[in-house]
Amino acid sequence: MASVQHNSQSPDHGTRHGADGHTAADTGAAARRDRAVRAAVEQGLITATEPVVALLDVAGIRSSAAALHSAFEEVTAPGTPVLHAFAVKAAPLVPLLRLLSEHGIGAEVASPGELALARAAGIGAGRTVLDSPAKTPAELREAVALGIAVNADNPQELERIDALVRSGPASSPFGLRVNPQIGAGSIGALSTATATSKFGVALRDEGARAWVVQAYLDRPWLTRLHTHSGSQGVPLELMAQGVRTVYELAEEINAAAGRAQIDTLDIGGGLPVNFASDEETPTYATYARLLKDTVPGLLDGRYGLVTEFGRSLVAKHGTVLARVEYAKTSGGRPIAVTHAGAQIATRTVYDPVSWPLRVAAYDPEGRPKTGPAVAQDVAGPACFAGDLLAENRSLPLLEQDDLVAALDTGAYYFTNHYAYNSLVRPGVHGFTAAPDGVRFALLRAPQTVEEIVTESGGAYVDALLDD
C-alpha cells in the first residue's frame, strides 16, 4: 500500500505584512480576493446587521473547470467519452451547478434533494450520475424514469434494479460500486476504500470477486463499474491504485463475457486540496498523468470515463467574510469574537487538526490589516468553548469592527450549514473582479429569522398542548 500522507500542513502565515496566508508571490486569486473584500464593504454586502457573508470567485471556478477538462484530454485517446460530474454535496448551489454545466460539467448526486438541484440547474439526465449507499425504491424508480445513470451499492440494491429492468424498458446506464479495500488516508472519515467501509461491494471479502463477475454475466445490461477510494487526505498513489484494481476487474469481467460488456469506468473524484497556501496543488494534470502511468489501459479509448470531483473544483475559490463583534483578552491571550464559527466551519471547529483554515485579517474598510503579528484566537458566535476558527494564530491584532476572512471555504463550508444556536445561513455572492470594478451576483439570499421559525415548527406552535 502506498504511504499515507497528511491532509495538509499547518496554515501558512506568509510573509506579506497583514493577511495570514498571503505571500509576496501571490498572484491573481489573492488579488481578486482582496478586491472582493474591499468591494463587499463598499457595496454593503457586509454590515453591522449582515455581519457574515460568503463569496465565490467566478474566475477561479472557471479556471478549475478548464484545468479538469484539459488534464484528461491530454491523457485520453481521441474520441474517448469523458463525463466530469461535479459532486453536488460539495457545494449545493443551483447557480454554481449552472455555471459548471455551462463549462461542460455534469452532476453526481446522492439524494433526492441533490437530484432536484441538478435538474433545477438544467443538467440533463445524460450528464447526471446517482450514487448513494441508501437509495430507496422511490429514488431508483425516479432515476430510471429519467434515464439517469445509477451505480448500485450492494447486492440488495441490485435486486431492486433487477425488478425495475424486468418491469419495462430502462434507458439508464447501470453500474456497480466496488470497494477495492486498499487502505485509508490520513482522515479516516473520508477514506472509503478501507476493509470495513460502508460503501460498495467489498472486493477482497471471501467470494466477493467471483460474485461480482457472475453478477455481470447474469445481467448483460450492467455496463459500468464504479469506485471511489476517498478524498481529502488520500494520497494520489492510493487513489490510482484503487482505479487500477477496478480496471483489472473490468478486464476480467469482459474476458469472461467474451465481449466489451463494461464500456464505462466511473473512477470517482477525491483530488485533495491544499489548505496551507494559495497554491492549487496537487493539480488535475498531475493526477491524470499518474493514472496514465499506473493504468494505461484505462485511457486507451476502450472505456468511457466518469469522474466525480467536488472539493477540488471549488474549495480554493470560496471566502467567508465576518465582522469582529468584540475584541477581548482572556488569560493574557487576545480573542476576536466573530460571526463565523461552527455554523459555517463545522469540520474545522470539531477537528481542527484535519481541517485547519487560513484566516486573513482586514480593517473595517476591507483593506489588508497591517501591524505586528500577535498570537490570538479567532472565535465564532456559537455558545460552546470550542467554537474557534483558529487558535493561537499569529495575525495583526484584530480589533472591534475589523474583518476576518476564512479562506479556501468554497466546498463543505458555507453551503453545508450547521444550525447550532439557530444561527442564520449567510448570503452567498459570486464575484467577478473586472478592470472597472468588482461585480457581485446573489447566489443565495441570507436566511431570515422568520424562516428559522417556520422550519422549526412555528406553524404548529400548539401541537403538543392538550385540546
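The values are calculated or read from the model by the stated rules, or taken from the named source; none is laboratory data. What you see is a predicted model; the values in this text were computed from it and never measured. Using ideal geometry, Cβ is built from the backbone for each residue, glycine included, and neighbour counts are taken over all protein chains shown.
Quick look at the values:
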read-out: Any helices (runs of 4 or more DSSP H) falling wholly within region 111-178 and containing at least 2 residues that are among the β-branched types (V, I, T); value: 155-167
read-out: Unique residue being at pLDDT 95 or above and either surrounded by fewer than 19 Cβ atoms within 10 Å (Cβ to Cβ) or outside any helix (DSSP H, G or I) (or both) when the list is L96, L83; value: L83
read-out: Of all residues in region 59-72 being of a type in the set (A, V, I, L, M, F, W, C) and more than 16 Å from the chain's Cα centre (by Cα), the one that is surrounded by the fewest Cβ atoms within 10 Å (Cβ to Cβ); value: A66
read-out: Per-region count, region 211-238, residues surrounded by fewer than 18 Cβ atoms within 10 Å (Cβ to Cβ) and either modelled with pLDDT of 95 or more or not assigned by TED's automatic domain parsing to the domain that holds R166 (or both); value: 10
read-out: Matching residues, region 122-141, being buried (at least 22 other Cβ atoms within 10 Å of the Cβ) and touching a residue at least 60 places away in the same chain (Cβ under 8 Å); value: V129, D131
read-out: Inter-residue pairs, beta-carbon under 9 Å, first under 19 Å from G126 (Cβ atoms) and of a type in the set (S, T, Y) and in region 157-173, second assigned to a loop (DSSP other than H, G, I, E, B) and at pLDDT 95 or above, 6+ apart; value: S171/G147; S172/G147; S172/I148
read-out: Residue check for A276: surrounded by fewer than 19 Cβ atoms within 10 Å (Cβ to Cβ) and in the same structural domain as V88 (by TED's automatic domain parsing); value: yes
read-out: Subset tally (residues that are among the hydroxyl-bearing types (S, T, Y) and surrounded by 24 or more Cβ atoms within 10 Å (Cβ to Cβ)) for region 99-121; value: 0
read-out: Some residue of region 106-121 being more than 15 Å from the chain's Cα centre (by Cα) and more than 29 Å from L443 (Cα to Cα); value: no
read-out: Verdict on G270 being under 17 Å from the mean Cα position of the chain (by Cα), crowded, with 24+ Cβ neighbours inside 10 Å and at pLDDT below 95; value: yes
read-out: Count - residues of region 414-455 that are free of Cβ contacts under 8 Å to residues at least 60 places away in the same chain, farther than 22 Å from R33 by Cβ and among the hydrophobic types (A, V, I, L, M, F, W, C); value: 5
read-out: Selected residue (criterion: surrounded by the fewest Cβ atoms within 10 Å (Cβ to Cβ)) from residues of region 387-441 that are among the hydroxyl-bearing types (S, T, Y) and closer than 25 Å to L313 by Cβ; value: T432
read-out: Which numbered condition V306 fails, given (1) under 22 Å from L236 (Cα atoms); (2) of a type in the set (A, V, I, L, M, F, W, C); (3) touching a Phe, Trp or Tyr at 6+ places or on another chain (Cβ under 9 Å); value: (3)
read-out: Some residue of region 371-378 being buried (at least 21 other Cβ atoms within 10 Å of the Cβ) and either touching a residue at least 60 places away in the same chain (Cβ under 8 Å) or part of a loop (DSSP other than H, G, I, E, B) (or both); value: no
read-out: Selected residue [closer than 30 Å to A31 by Cβ, among the hydroxyl-bearing types (S, T, Y), in a loop (DSSP other than H, G, I, E, B) and not assigned by TED's automatic domain parsing to the domain that holds S354] from T281, T286; value: T281
read-out: Residue within region 43-57 that is assigned to a helix (DSSP H, G or I), crowded, with 18+ Cβ neighbours inside 10 Å and on the phi < 0 side of the Ramachandran plot present; value: no
read-out: Meets criteria (farther than 22 Å from G200 by Cα, out of contact with any Asp or Glu (no Cβ under 7 Å at 6 or more places or on another chain), buried (at least 16 other Cβ atoms within 10 Å of the Cβ) and modelled with pLDDT of 95 or more) for V144; value: no
read-out: Residue ID - modelled with the highest pLDDT, chosen from residues in region 1-28 that are under 26 Å from Q343 (Cα atoms) and small (G, A, S); value: S10
read-out: Residue that is nearest to A91 (Cα to Cα) [pool: residues in region 379-419 that are more than 25 Å from the chain's Cα centre (by Cα) and assigned to a strand (DSSP E or B)]; value: L403
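Yes/no matrix, rows are residues, columns are (1) part of a helix (DSSP H, G or I); (2) over 30 Å from P356 (Cβ atoms); (3) out of contact with any strand residue (DSSP E or B) (no Cβ under 7 Å at 6 or more places or on another chain); (4) not aliphatic (A, V, I, L, M):
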position	(1), (2), (3), (4)
V243	yes, no, yes, no
R259	no, yes, yes, yes
L271	no, no, yes, no
G301	no, yes, yes, yes
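Table: residues versus (1) over 22 Å from the mean Cα position of the chain (by Cα); (2) at pLDDT 95 or above.
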site: L130; (1), (2): no, yes
site: P137; (1), (2): yes, yes
site: L140; (1), (2): yes, yes
site: I148; (1), (2): no, yes
site: D153; (1), (2): no, no
site: S172; (1), (2): yes, yes
site: A184; (1), (2): no, no
site: I187; (1), (2): no, no
site: R204; (1), (2): yes, no
